[in-house]
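For reference, the structure is listed below as structure tokens.
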Amino acid sequence: MAVPLSSHNETSAVLSGGGSGRKIAIVEVAEARALARRLLADDMPQRWNHVQGVAKRAELFVDLVPNWDALAAAANLHDIGYASELVDTGFHQIDGARYLRREGWDESVVNLVAHHSDAQIRADLNVLGDIYAAEFPRNETLPHRQLHFCDLTVALDGTPTTVEERLADMRRRHRNNPPMLDYLDRREDALIALVAGTWAALEQTGGTRSGQTLSAS
């Protein structure tokens, strides 16, 4: 299922996610949603709700990133590594990205899924960092920041939330996971700043509202 790429104009540096100037075909976004539904809707319905909310959030960037379709596909697919049939390492970013690569998804989508939510930093804390160097070197031209923003502003039930509420929920759910708590201690201020900066940039450009409230709450 290799995906052809097409050209797209570069937009603002803050929102664009890089200058690759390429995106995957729009039809693949629908395929991404269908795959995520198959893997998560019955197996993990709450996670499926979250994925749908993240995909909706990604619509804010539809006119602002040069490779929006890659972002949209990855928003739908970012958590498929939680699906029981895909679990291998137990690190969902790696398990999801490896599956997508095996299935022939474009490397832009694979890289976004592999690196979402500070995955490489978290992998280093879980002694999995070597996998990233060997298999998933980070492509800085992709909209990693925008995907992280979407993930951080949608609750597990799929509803919009603040980054502070999202991080507090992560602490509650991972209270017995020392590497995750260590990660949150190290990165909380930076994550709050990432979200605040992205909201500010969206407000300056007007964004694409798609029925969403363009504010941090």
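Each value in this text was obtained by applying a stated rule to the coordinates, not by laboratory testing. The structure presented is a predicted model; accordingly, all values stated were derived computationally and were not measured. Because the Cβ atoms are built from the backbone with ideal geometry, glycine has one as well, and the counts that use them run over all protein chains shown.
Quick look at the numbers
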read-out: Spacing of the two label points (7 Å from each Cα toward its C-beta) at ARG138 and GLU164, in nm; value: 2.7 nm
read-out: Rounded, prolate or oblate (a/c below 1.5 giving rounded, otherwise prolate when a/b exceeds b/c) for region 5-205 by Cα gyration tensor; value: rounded
read-out: Under 14 Å, Cβ to Cβ, from GLU164 - net charge with Lys/Arg +1 and Asp/Glu -1; value: 0
read-out: Ordering of 174-186, 151-163 by burial proxy (mean other Cβ atoms within 10 Å per residue, highest first); value: 151-163, 174-186
read-out: Other-chain or far-sequence residues with amide H under 5 Å of VAL154's (modelled H); value: THR161
read-out: Rg over Rh [alpha-carbon atoms, Kirkwood Rh] for region 67-123; value: 0.94
read-out: Estimated FRET transfer efficiency (ASP189, ASP124; beta-carbon r; R0 22 Å; 0.05); value: 0.75
